[in-house]
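The values are calculated or read from the model by the stated rules, or taken from the named source; none is laboratory data. Just so we're clear, the structure is a prediction, and the values are computed from it rather than from any experiment. Positions of Cβ are backbone-derived with ideal geometry, glycine not excepted, and every protein chain shown enters the neighbour counts. When the accessible area is computed, the model is the full protein with side chains, heavy atoms only, and any ligands, DNA or RNA have been set aside. Shrake-Rupley method; radii C 1.70, N 1.55, O 1.52, S 1.80 Å.
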Amino acid sequence: MHARPLARQQAALPPLQLSPRLLIMEPCQDPFSKEGRSHRMRLGRVSNSLRATIQSTTELVMLLEWWSCTECTLFTDQATVDHFGKEHVIIILNHNFEIDFLCGWTMCERFGVLGSSKVLAKKELLYVPLIGWTWYFLEFVFCKRKWEEDRQTVIEGLKRLSDYPEPLWFLLYCEGTRFTETKHRVSMEVAAAKGLAPLKYHLLPRTKGFTTAVHCLRGTVTAVYDVTLNFRGNTNPSLLGILYGKKYEADMCVRRFPLEQIPLDEKEAAQWLHKLYQEKDALQEIYNQKGTFPGQQFKPSRRPWTLLNFLFWATILLSPLFSFVLGVFASGSPLLILTFLGFVGAASFGVRRLIGVTEIEKGSSYGNQELKKKE
């Protein structure tokens, strides 16, 4: 008696639709087929990114957002903000500050793309304990900053990202190294020799990485975000200051350029990049004169996930760790105590190494002599 109404109710139910972002195979799909293997690979990439992000970058973002309470303000327009976290993009960021990467990460986190944010990074960072190893599994692209040796490695790394399943934010530091007065002087000598307009606040951009990224990711990436970063009060922020709980106020001017606006020809794309850096220089001049960037202000609110992640792992790990430390010293074994102290020393060295690679005065010599060579 009830079979027919129940059948009608079941027929009226809409079919179950799974979000493509979940990357779950359809029940009828052969897991050993080409499509099944592709789904498993995509699911594995997202899973690896999530695990690696939870274990490393979120802790650094937590320090910026919740420990030092550093504020980040965007200067852009509503149409640009509406695209955040919904498309694959290349991001160009000026390289003047020790924590510029951290400000970029906090914006990634606030728009839900921290796990799918990638960087073209110098290979030295690969050997930083824990962080460098994590970045390897996050599919960062590493280079030696010698184009003859890097070309094939960079191209292969970019091609691996061309089918990335989540909205991808790929960061480029087109200047190649952090700004210093010495590097700036050498850079402007190169600019004069090439007949390029001088820059006051930036180094001459190195175009090979940019043009290669645009070429390899064309069809995947839909836009380029130009981000110009500065800090209020003419402050010189540092990662050590973040660890001490010092609060900074970061301002970021963001401009969106659809990829169609970037020329297909390599030389024309390089000219486009040089023109972009002249505009970035003008934006920095405005900021230094007025203390603000042009455009509407947006303050994306920080999300609780990085703090909750930190508290979760602290709860899980600290109690057993304290018990272990007490047990080590209570044992009275010199060998065990010395081994533990050696481990603590190695961990301290790793943290200091991480801080050291962000310090401008301890930065690489890249740019002092390398910029004199023809790109």
Taking the criterion of being outside any helix (DSSP H, G or I) and either on the phi < 0 side of the Ramachandran plot or open to solvent by less than 50 Å² (accessible area, probe 1.4 Å) (or both), would at least one residue in region 279-286 satisfy it? no
Kindly indicate whether GLN289 is loosely packed, with under 13 Cβ neighbours inside 10 Å and either of a type in the set (Asp, Glu) or outside any helix (DSSP H, G or I) (or both). no
Residue satisfying all of: in region 262-308; of a type in the set (Lys, Arg) and closer than 27 Å to LEU217 by Cβ; farthest from the chain's Cα centre (by Cα) among these: LYS267
I'd like to know if region 250-262 contains one or more residues that are open to solvent by 20 Å² or more (accessible area, probe 1.4 Å) and assigned to a loop (DSSP other than H, G, I, E, B). no
Tell me the residue from GLY295, GLY327 that is modelled with pLDDT of 80 or more and at positive phi, please. GLY295
For region 143-159, which positions are closer than 10 Å to CYS216 by Cα, surrounded by fewer than 18 Cβ atoms within 10 Å (Cβ to Cβ) and in contact (Cβ under 8 Å) with a residue 24 or more places away in the chain? ILE155, LYS159
Failed item in (1) surrounded by 12 or more Cβ atoms within 10 Å (Cβ to Cβ); (2) at pLDDT below 95; (3) under 30 Å from TRP66 (Cβ atoms), with PRO320 passing the rest: (1)
Given the residues ASP251, ASP281, which is the only one that is in contact (Cβ under 8 Å) with a residue 24 or more places away in the chain and in contact with a His (Cβ under 8 Å, 6 or more places away or on another chain)? ASP281
All but one of (1) surrounded by fewer than 21 Cβ atoms within 10 Å (Cβ to Cβ); (2) at pLDDT below 95; (3) not hydroxyl-bearing (Ser, Thr, Tyr) hold for ALA79; which doesn't? (2)
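Let's see how each residue does on (1) assigned by the TED database to the domain that holds TRP67; (2) of a type in the set (Val, Ile, Thr); (3) more than 34 Å from the chain's Cα centre (by Cα):
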| site | (1), (2), (3) |
| --- | --- |
| LEU311 | no, no, no |
| ILE316 | no, yes, no |
| PRO320 | no, no, no |
| SER323 | no, no, yes |
| LEU326 | no, no, yes |
| ALA330 | no, no, yes |
| PRO334 | no, no, yes |
| GLY345 | no, no, no |
Based on what the data block shows, is GLY233 free of Cβ contacts under 8 Å to residues at least 24 places away in the same chain and either under 28 Å from MET62 (Cβ atoms) or not assigned by the TED database to the domain that holds TYR173 (or both)? yes
